[in-house]
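Report on the structure given below.
The values are calculated or read from the model by the stated rules, or taken from the named source; none is laboratory data. In this text, all values refer to a predicted model and were calculated from it rather than measured experimentally. FYI the Cβ positions are ideal-geometry reconstructions off the backbone, even for glycines, and counts take in every protein chain you see.
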Amino acid sequence: MDPNLLPPEILDAERGFPQALEACTDLDALMRVKGLYTGRDDSHAVRMMELLKVAPKEQKRALGAAINGLKNLWEEGLKARQGELETARRQANSLATSWDPDLPPPLPTRGALHPLNRLMDRLIDIFRPLGYHVEEGPEAESEANNFDGLNIPEDHPARGSADTFYFSAHKGRLLRTHTSPVQVRVLQRVAPDIERLGGIRFLAPGRVYRKDEIDPTHSPMFHQVEGMLVGHDIGMQHLKGTLAYAMKALFGPGADVRFRPSYFPFVEPGCEVDVRCPLCGGSGCRVCKGSGWVEILGAGLIHPNVLTFAGLDPKIWSGFAFGMGVERTAMMVSQTPDLRLFFENDQRFLMTMGGLD
């Protein structure tokens, strides 16, 4: 090839071609070099063909031979380098996916119970030595079990559609607002044999639903664990002793527990049970709303109307019932300031909840 036939920029490209190929360490870089030298748009090959069009007639033959030779040289070099890079990539992939049969297999990620489920299991374990067993019921309930059987009057705000999720296509059906309907079902079931059984005591854990706004302490779906004991001559002393034992087993023997009078339609008398806020130690924070105490559960002696609805004579039988929100209890046990963290499925947070076991 006569160098005088080609312009200086083409000669510079020819001299720089080997170095450009050597600098390509992957196929993407090689494609860029290929576009620069032999591509269809503004490449060195395109400029050479434009030069051929305007060359004098007597130079066209020699210039055409020089251009074709240079293009062939570039194409062969690009093809060879592409083969080298593809071979290197296959070898790298082979090494990356190779495995040694003598090594132990990789361990799969272990699943685990959700912290709320672990806490419910812990609560069950606390009450099991006291003779309590577990009962369950459906989440879709009737108004009779959710309200009527619990002495909740027709005009009670909880029965309004602003607070309760009703099924529009099924009159009188709703998503239960507490696990207390399980108590109604169990009492009705055991009423014929309760004398032979000598009474009954059980827990009812599960999901419940209310039209609450989502905030650090509320959710439209949450969990409860409710308990009930029915026997002869049951009084407030039995209720207070049972719940004081349970709260200290849950929060530690040094936990401060207090009982406050309160009203619930299904118990009489009723009370609320508070625990001194473990997040702030009683000095006041967002979770305890500055009071230093956090309400853990509501309780009381079973209302005579509830016993009568289930077919039991309140002159013979008496008992107590209680219910606690699992999320709020989990917040206290784990010192978590926001209930929403339990529903966001962030594994980093869930893996720190070992203290709920």
Scanning segment 190-212 for residues that are surrounded by fewer than 16 Cβ atoms within 10 Å (Cβ to Cβ) and closer than 25 Å to Leu243 by Cβ gives Leu197, Gly198, Arg207, Asp212
Qualifying position, being of a type in the set (Ser, Thr, Tyr), free of Cβ contacts under 8 Å to residues at least 24 places away in the same chain and not assigned by TED's automatic domain parsing to the domain that holds Leu21, among Tyr132, Tyr166:
Tyr166
Go through segment 164-178 and give me each residue that's under 21 Å from Pro205 (Cα atoms) and not polar (S, T, N, Q).
Phe165, Arg173, Leu174, Leu175, Arg176, His178
When Gly235 is run through (1) closer than 17 Å to Ser318 by Cα; (2) of a type in the set (Gly, Ala, Ser); (3) surrounded by 16 or more Cβ atoms within 10 Å (Cβ to Cβ), the failure sits at (3)
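Residue by residue, here is whether (1) modelled with pLDDT of 85 or more; (2) over 30 Å from Ala191 (Cα atoms); (3) part of a helix (DSSP H, G or I) holds:
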{"position": "Phe259", "(1), (2), (3)": "yes, yes, no"}
{"position": "Cys271", "(1), (2), (3)": "yes, no, no"}
{"position": "Val275", "(1), (2), (3)": "yes, yes, no"}
{"position": "Lys289", "(1), (2), (3)": "no, yes, no"}
{"position": "Asn305", "(1), (2), (3)": "yes, no, yes"}
{"position": "Pro314", "(1), (2), (3)": "yes, no, no"}
{"position": "Leu341", "(1), (2), (3)": "yes, yes, yes"}
{"position": "Phe349", "(1), (2), (3)": "no, yes, yes"}
Looking at Leu107, Leu103, Leu52, Leu95, which is the one that is modelled with pLDDT under 80, more than 30 Å from Phe343 (Cα to Cα) and outside any helix (DSSP H, G or I)?
Leu103
Which numbered condition Arg118 misses (of (1) in contact with a helix residue (DSSP H, G or I) (Cβ under 6 Å, 6 or more places away or on another chain); (2) farther than 25 Å from Thr329 by Cβ):
(2)
Checking Gln91 against (1) out of contact with any helix residue (DSSP H, G or I) (no Cβ under 6 Å at 6 or more places or on another chain); (2) closer than 30 Å to His223 by Cα, only one condition comes out false. Which one?
(2)
